[in-house]
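Below is one structure, written out as structure tokens; comments come after it.
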Amino acid sequence: MRMIIDTDTASDDAVALAMALNHPEVDVVAITTVAGNCSLEDTTRNALYTAELCGSGVPVYAGADRPMLVEAGFATWFHGMDGLGDQGYPTPSRSAEEENGVSALIAHIRANPGSTLVTLGPLTNVALALVQAPDLARLVGRCVIMGGAANTVGNVTPAAEFNLWFDPHAARIVFASGLPIEMVGWEICRGEAGLDATERATLRALDTPLAHFFLDCNSTALKASRQQSGTNRLELPDPTAMAVAIDKDRVVTASSRHYVEVEAESPLTRGMSVVDSLDVTGNPANAEVVQAIDTDRFKQMISEAARR
Ligand code: RIB
Ligand code: CA
């Protein structure tokens, strides 16, 4: 599977990147970075560092450093000031490519028709690419989006999940673009999908560099999750979406196609993913909305990535 990953690399993105970079059946042809969890400089550094940990020389391209219209609202409160739990990781030995992430997305999608595009952050890069090159929508084989919350509670406002909230105008463009979207909402990534204390201890006991990295760089996120929603589980949204991208047949246990539209103007519901679950609008479905996953299979994939 040829894959292109767009990411605002912070702690959960890093685990998702490693799942793809370390998977024997996945060829990651490019990583593009975007501002979101933290600044573009930090997300780009974090992507380069993660690729280095995986022994990968995949090209990394820095894209948009801010949303299309709204002010940037970083999530360093959740992921740590550097995005990776403030562990003091060393500076990566290589830099990002010269080419901008948006033009790199266009070039790599055109060069790899039928590839899987996985988006792990705000959709600014993807939207800007689509505005420049609308034909991309029919060149992408699958577009797996970690984003939204299908008619349920958000994690950054009561109505919205972070990736769509951060750049709601970009999200509107992407969901209206005709891309073959598979939406993995935040609701799929919570509860049983989170790693409980026993599962974290089992991962730690693998005693590999990546097992320690996965847990250490997510240490701030775990604390923030406890404060935000009282859970003692390590919820990993981007790895959840990556598991769907890599092994959909075994991971996804329920999904359905619906019309989805993102609110961009209302201060109260900015970024809300409105899913027409009962198809009352009569609008054609524009996304496959994941409804349930096999959490055991998902967690097994994290463990497999940590062993490599
Ligand atoms: O809401 C969760 C999403 O927002 C994840 O992609 C996380 O990394 C942040 O980008
Ligand atoms: Ca992310």
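Throughout, read-outs are computed from the coordinates displayed, never taken from laboratory work. As the structure is a computational prediction, the values presented were derived from the model and not from experiment. Every residue, glycine among them, receives a Cβ derived from its backbone with ideal geometry; neighbour counts consider all protein chains shown.
Per-structure values
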| quantity | calculated |
| --- | --- |
| Neighbour-count ranking [beta-carbon atoms within 10 angstrom, fewest first] of Thr50, Thr198, Thr253 | Thr198, Thr253, Thr50 |
| Exposure proxy ranking, count of Cβ atoms within 10 Å, fewest first, for Thr91, Thr152 | Thr91, Thr152 |
| In sequence order, calculated HN-Hα J values of region 62-75 (Karplus, 6.51, -1.76, 1.60; Hz; x Gly/Pro) | 7, x, 6, 9, 7, x, 5, 10, 7, 6, 6, x, 5, 10 |
| Cα-based Kirkwood hydrodynamic radius, region 51-145, one decimal, Å | 15.2 Å |
| Selection from Asn151, Thr9, Pro113 lying farthest towards where the dipole of the chain points positive, charges on Cβ | Pro113 |
| Antiparallel DSSP beta bridges within the chain, as percent of all bridges there, nearest 5 | 30 percent |
| For the chain, calculated [θ]222 nm from helices alone, where every DSSP H run of n ≥ 4 adds -39500 (n - 2.57) | -11000 deg cm²/dmol |
| GluC sites (Glu not before Pro) restricted to region 205-308 and DSSP loop, no more than 11 other C-beta within 10 Å | Glu265 |
| Over region 1-127, relative contact order from alpha-carbon pairs under 8 Å, at least 6 apart, % | 36 percent |
| Calculated from backbone phi, Karplus (6.51, -1.76, 1.60) coupling profile of region 40-46 in Hz, x at Gly/Pro | 4, 4, 6, 5, 5, 4, 5 |
| Three-way shape call for the chain based on the alpha-carbon gyration tensor, with the a/c threshold at 1.5 | rounded |
| Of the trypsin sites (Lys or Arg not before Pro) in region 77-184, those whose Cβ has at most 10 other Cβ within 10 Å and which sit in DSSP loop | none |
| Proxy reagent accessibility, fewest Cβ within 10 Å first, across Val70, Val34, Val118 | Val70, Val118, Val34 |
| Candidates per GluC sites (Glu not before Pro) in region 1-63, loop by DSSP, up to 15 other Cβ within 10 Å | Glu25 |
| The chain, relative contact order [Cα under 8 Å, separation at least 6], % | 20 percent |
